[in-house]
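A short worksheet on the structure shown next.
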Amino acid sequence: MFNDIGPLELVTLIVLAVLVFGPEKLPKVIQDVTRTIRKIREFSESAKHDIREELGPEFKDFEFEDLNPKTFIRKQLDNEDLGLKEIRNGFDLKKEMAEVTDAVHGRDSDTSSSSSSSGSSGGRIDMTKKPEIPDRDDRPPFDADAT
């Protein structure tokens, strides 16, 4: 619950608690807070128990942590019945990204360097954008709404 609190933050909280409640009342406040947390946990556990009873025996292995979407998806992807591990292991992300990069840059990923050194473009279309150089007599377009 408090895994992300550092030592400096903890000392600051303690000093702040001593300043707000005073050294005489601080033990009583700590007892009250721990008692309240304990009651909330007991209430939560009894609610979970009641929900499991109401769901019936077909949900006996139901865990409330499975309601977290990340946990649910991770559990479903690790399921052996679907065969997703074979698909995931057969997919090479680096190879796919290299093929996409080669396609974007207009290179063949399957050909060797000797075949790519030939002078022809091999029927490929040059999709690089080249700036148009306007003629000296051409005027820029006029937009009446812009002025």
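Is region 1-80 rounded, prolate or oblate when judged by the Cα gyration tensor, a ≥ b ≥ c being the square roots of its eigenvalues, rounded requiring a/c under 1.5 and prolate requiring a/b larger than b/c?
oblate
In terms of solvent-accessible area of protein heavy atoms at a 1.4 angstrom probe, what is the ranking of Arg41, Arg139, highest value first?
Sorted descending by solvent-accessible area, the residues read Arg139, Arg41.
Can you give the accessible area of Lys39, probe radius 1.4 Å, in Å² rounded to 10?
130 Å²
Measure off 7 Å from each Cα along the Cα-to-Cβ vector at Ala103 and Ala17, then give the distance between these two points in nanometres to one decimal.
Distance between the two pseudo-spin positions: 5.9 nm.
Excluding ligands and nucleic acids, what accessible area in Å² is computed for Thr128 using a 1.4 Å probe, to the nearest 10?
90 Å²
The values are calculated or read from the model by the stated rules, or taken from the named source; none is laboratory data. Since this is a predicted model, take the numbers as computed values, not measurements. Cβ: placed from backbone, ideal geometry, glycine included. Neighbour counts: every protein chain shown. Only protein heavy atoms, including side chains, enter the accessible area calculation; ligands, DNA and RNA are left aside. Shrake-Rupley method; radii C 1.70, N 1.55, O 1.52, S 1.80 Å.
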